[in-house]
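Have a look at the structure below, then the notes.
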Amino acid sequence: MEENQDVVSVVPEDEGKDKFKKSEHVAFYRRQIQGPNLQHRALLDTMALTETGARLELLQPETQTRLLLSLSPCKRDTVRILIDELQPIKARYRVPDVLTEELQCEPLRVDQHTKDSVTLSWSSGRHQARVWHFPFRLEILCENKVIVTFNAKGKLWFEALQDPPSSEEDDSLWKETFRQFVDIKANGPSSIGADLCLHGFRNVYGLPEHSDDLRLRDTRDSEPYRLYNLDVFAYDLHSRLGLYGSVPLLVAHKPDRTLGVFWLNASETFVNVQYSPTDRQKTPPANRRKVRPRTDVRWMSESGVIDCTVLLGPNPQQLFSQFAQLTGFQALPPLFALGYHQSRWNYDDEADVEAVDAGFNHHGIPYDVIWLDIEHTDGKRYFTWDPVCFPEPTRLQRRLEQKKRKLVVINDPHIKVDPDWSLYCEARDGGHFVKDREGQIYRGTCWPGDSSYLDFSSPETRSWYSGCFSLDKYKGSTSSLHVWNDMNEPSVFNGPEQTMPKDAVHSGGWEHRDLHNLYGFYQHKATVEGLITRSGGSERPFVLSRSFFAGSQKFGAIWTGDNVASWEYLKISLPMLLSLSLAGIAFCGADVGGFFQDPEPELLVRWYQAAALQPFFRGHSAKMMKRREPWLFGEEVTAAIRTAIQQRYCLLLYWYTLFHQAHTAGLPPLRPLWVEFPREHNTFTVDHQYMIGGALLVCPVTEPGVQEVEVLLPGSGEIWYNVHSAAAYRGGRTLSLPVTLNTVPVFQRGGSVICRSEGHFSCTADLQRLPISITVALNNQGVAAGELYLDDFHSFRYRDAKSFCLRRFDMRSGWLFCRAAGGEGTFDCDTVVQSVTVLGVKTKPSAVTVHVPGTEALSTGFQFIETCCMLLLSSLKLRVMTDWEIRIS
Ligand code: NOJ
């Protein structure tokens, strides 16, 4: 938040930002930072090779703590390092439900065993791990080069569980006070930590969610990155403090390797990053070869075990796939979810919803989903409807459905304490609430006032909650109703840092501290399961969640919470979404226009333009803000917003194909430039422009009054085509491009093929009837290729009945081929390719012929625009499912 701005929070009796801790307020962080380097010994003689890798004991001589280290090299080039106490007095928490499958391990061999070290190898000797006896270090080598050292700086930290102290005087480690809140630690001090040195790397990313640059900062002189899910209204900008969700994945990149470190821990976590040399002492070129840069990363968590997986890449695509194999692939959204969503806290009543819905038709603006916030309920009782304002919710949904549109309603994790409400009683009697440290049902305050919180970590509670979404139980719901999980960090207005006390107790007796960062993940999971079950397993659900953890991508979408209507927040949304995308959370977006405060019309237009080029696209605003439906700001603004949304809809086939790639290969639709240009140093810190898939480069306008934008077009061998003018530019340069209020810079990369829908949309359902236009952007070799994924856009038949198709368009040597791209899909449809535009055609062709197997080759008319080397073919009517060729001679 920009300073000196008076922000009145939406949270009743809010105390502002002072309610949140800084690292200095956190006892376990202080202990680790101020504590001594405890050197450990690796007891090499205890090493045993098992089916899942190697095990050996570590000893901390001063404290006599004995640890068990398990090292598991896994298929697809990942290495898991697990450290627990050898004999804990009771089990320590291990994060369940995040890893998708039992890891498939590779057999290890001992290459060398000396008194100082043991060297192990796997995967035909390409990779090795070397364990040093004293001081204990673990090196990971690729082709004989050390790329990662675990415990390089000797920061391994493991507080063994102890019995409680006998007198109250020594209980300082068992109790922690912050403001008026006292945290009683049932297990005493139990924190863990470790450092890793990433050799040769000087750029690291990831660790969402923070409102900061994409490239992580050196934290030597500033706050560490905090991973602790919190409800932070109008969060500060350029901050490392915790926000709504956490993904403990750090990604390191250098020209020849991309690497990941995944720290699987759901308790409060801090990460410190140190670049050497620091950014300020950049190495003079002459010395560059002598000084090998490195990045040191230190992780510290409050409880649990050390569970750290190194993902070895080596390229960005492999890294994404490795992480997706570990934590899950992005759920394939139903197509409507990629359309535009119109939300507000709140639409007043049914008539209001219908009027807004009609407004979109009236103004020729496409949209798919209208949202209802907390006021739609009967007194903030989720699963109910306000009897006065929403007396006929089923009718409302049916009317929207007639226009092929959907309704989304909010469903928070807190339940109003109301013994006269059957759902509350069921939850209470079924034992579905989180308990306090005394074993009573925990109570905190949220929107309904006095509330209890569902214990989503319990499979029984999840299954009960999922059942609440069944059509017969959830009165007034229909199959076109989808869900929004909010406040699920969880937000507790009167709790420490506005969340649940760490000493609250979950099923299995686990403390909230152990699994805090998983709470929202579990609600998201339960909601998704509820909607899937509701449809008998046939329909893909759509659920948006505010809180998230690694793996939340399996469930649906997330957004960046309570942002503010200012240019700075528009700007920060780009690195925030890129960072989420790198960490697997591919279906993400920010509230368009800013949740809090009223955007000036120019900002609103720029925000729509940017968000139309981002995965999750929803306008939303707080209840005290002015109405901001797109037609309320005069015709110029309406027209600009209409254009941005229409263009989004025309590009939906491309987005959908990218989501198929995220779903099957783990590639995020939104990509930092370096992902596509891994060897181009000048892309490594860019986060104000990005790629959508491999084909489109965008540079949203995030400043007022802009008439010209500087755009980096990477790659000296590349050609970039301006999608508005078709003008071609050579890559490897920064271009100054004039813009108007109606345009933002978007370029298609030479070598790619993109499919768009032709015509006007009112919602995504129109996609089925509209023809396709193909844009072939030739590269320097006159070659281009691209894919198109199609299915029924809403069900699981693509998965269960292989009802999908993947088509490939290939242009080479003057031929454009339309073919199956492999895969055994059986989907068929009547969609036709109506037009083809080829960019980069140097000379006017003499003839263009269309070849459809089984029919005679037909010559077709064409238009050649010499000034921009563009060839246009229209009225083609070629079925996209049929194989055909076009010859340009
Ligand atoms: C907080 C959410 O972030 C916001 O989007 C929502 O409108 C309010 N809660 C009210 O439900």
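We did not get these values from a lab; they are worked out from the coordinates using the rules stated. Quick caveat: nothing in here was measured; it's all calculated off a predicted structure. As a convention, Cβ positions derive from the backbone with ideal geometry for all residues, glycine included, and neighbour counts pool all protein chains shown.
Summary of values
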read-out: Residue 24-residue 65 FRET efficiency (beta carbon distance; Förster radius 30 Å; 0.05 resolution); value: 0.70
read-out: Extension gain (nm, one decimal) between residue 182 and residue 847, 0.36 nm per residue minus Cα-Cα; value: 231.3 nm
read-out: Under 5 Å, built H, 5+ apart or other chain: amide partners of residue 378; value: 384, 385, 386
read-out: Part-to-part distance (alpha-carbon centres) for the stretch 675-697 and the stretch 155-219, which is given in Å; value: 34 Å
read-out: In nm, spacing of pseudo-spin labels at residue 781 and residue 143 (7 Å Cα→C-beta vector); value: 2.2 nm
read-out: Within straight-line cross-link reach of residue 145, lysines at Cα separation under 22 Å, skipping those fewer than 8 residues along the same chain; value: 75, 115, 153, 254, 290
read-out: Cα-centre dipole for the stretch 758-889 with unit charges at Cβ (Lys and Arg positive, Asp and Glu negative), debye to 20; value: 300 debye
read-out: Neighbour-limited loop hits for trypsin sites (Lys or Arg not before Pro), the stretch 665-735 (at most 12 other Cβ within 10 Å; DSSP other than H, G, I, E, B); value: 679
read-out: Dipole-positive endmost among 120, 56, 35 within the stretch 28-128 (Cβ charges, Cα centre); value: 35
read-out: Distance between the stretch 600-657 and the stretch 374-452 - C-alpha centres, whole angstrom; value: 30 Å
read-out: Protection-proxy order for peptides 436-447, 519-530, each taking the mean of Cβ atoms within 10 Å per residue, highest first; value: 519-530, 436-447
read-out: Qualifying trypsin sites (Lys or Arg not before Pro) for the stretch 108-149 [loop in DSSP, other Cβ within 10 Å: at most 16]; value: 115, 126
read-out: Highest average packing first - 218-231, 791-804, Cβ atoms within 10 Å; value: 218-231, 791-804
read-out: Percent RCO, i.e. relative contact order, over the stretch 44-138, from Cα pairs under 8 Å lying at least 6 residues apart; value: 20 percent
read-out: Length-normalised contact order for the chain - Cα pairs under 8 Å, 6+ apart - percent; value: 9 percent
read-out: Label-point separation in nm, residue 109 to residue 348, each point 7 Å along Cα→Cβ; value: 7.7 nm
read-out: Most to least packed among 291-303, 65-77 [average Cβ atoms within 10 Å]; value: 291-303, 65-77
read-out: Order of 860, 478, 278 under a 10 Å beta carbon neighbour criterion, fewest first; value: 278, 860, 478
read-out: Electrostatic dipole magnitude of the stretch 421-573 [Cβ: Lys, Arg +1; Asp, Glu -1; Cα centre; debye, to 20]; value: 380 debye
read-out: Distance violations [Cα-Cα > 31 Å] among 380/626; 22/626; 435/473; 525/626; value: 22/626; 525/626
read-out: Distant-in-sequence amide H partners of residue 315 (H built 1.01 Å from N, under 5 Å); value: 258
read-out: Sequence-separation-based contact order of the stretch 650-748, relative, with Cα cut under 8 Å and 6+ spacing, percent; value: 22 percent
read-out: The chain: C-alpha gyration tensor shape, a/c 1.5 cut-off, then a/b vs b/c; value: oblate
read-out: Gain on full stretching of the segment that runs from residue 868 to residue 39 - 0.36 nm per residue minus C-alpha separation; value: 291.8 nm
read-out: Additional length obtainable on full extension of the chain from residue 292 to residue 101, 0.36 nm per residue less Cα span; value: 65.1 nm
read-out: Positive-end residue, the stretch 411-504 charge dipole about Cα centroid, Cβ charges, pick of 449, 495, 469; value: 469
read-out: Unit charges on C-beta of K, R, D, E only; dipole of the chain, Debye; value: 3340 debye
read-out: Taking 809, 747, 181 and counting other C-beta atoms within 10 Å, the order from fewest to most; value: 181, 809, 747
read-out: Kirkwood estimate for the stretch 751-796, i.e. one over the average of 1/r between Cα atoms, Å; value: 12.4 Å
